[in-house]
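The values are calculated or read from the model by the stated rules, or taken from the named source; none is laboratory data. These numbers were taken from a predicted model, which means no experiment stands behind them. When we count neighbours, we look across all protein chains shown, and the Cβ atoms used for this are built from the backbone with ideal geometry, even at glycine. Each accessible area value is taken on the protein alone, full model and side chains, heavy atoms only, with ligands, DNA and RNA left out. Shrake-Rupley method; radii C 1.70, N 1.55, O 1.52, S 1.80 Å.
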Amino acid sequence: MSVKIRLTRIGRHKESIYRIVVSDSRSARDARCIEQIGYFDPAKGEDSALINEELALKWLTRGAQPSDTIRALFTRKGIMAKYAESKKEAK
């Protein structure tokens with residue numbers, strides 16, 4: 001099973017808010033997810049994203065692939081740097 005970390009849309013028409021979820025890559029965007037790890041409101045900017053770092057790192061180490069948008073958010077929050085450090089320490 002291929003697992004992705006991606007956004008799922010919630011909110012009203014033209015007032016979108018996104019959940020950051022871990023889900024099977026074959027499922028639809030708003031379908032059932034494995035785990036929810038955060039929120040993102042694009043109206044407030046990327047800095048307002050609320051992400052549980054422990055869960056994000058757990059899923060990255062398990063092999064979950066982040067989408068392009070999620071990778072950018074993780075990079076901005078420093079999660080990708082922590083993941084790279086943990087990979088270096090494991091070797």
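The table for this structure:
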{"quantity": "Residue within region 33-54 that is touching a helix residue (DSSP H, G or I) at 6+ places or on another chain (Cβ under 6 Å), in a helix (DSSP H, G or I) and among the aliphatic types (A, V, I, L, M) present", "calculated": "no"}
{"quantity": "Pick from region 53-77, criterion under 16 Å from S23 (Cα atoms) and polar (S, T, N, Q), ranking: farthest from the chain's Cα centre (by Cα)", "calculated": "T61"}
{"quantity": "Selected residue (criterion: nearest to G63 (Cα to Cα)) from residues of region 2-52 that are among the basic types (K, R) and surrounded by fewer than 14 Cβ atoms within 10 Å (Cβ to Cβ)", "calculated": "R26"}
{"quantity": "Extreme residue, nearest to L7 (Cα to Cα), among residues of region 64-89 that are in contact (Cβ under 8 Å) with a residue 40 or more places away in the chain and open to solvent by 40 Å² or more (accessible area, probe 1.4 Å)", "calculated": "T69"}
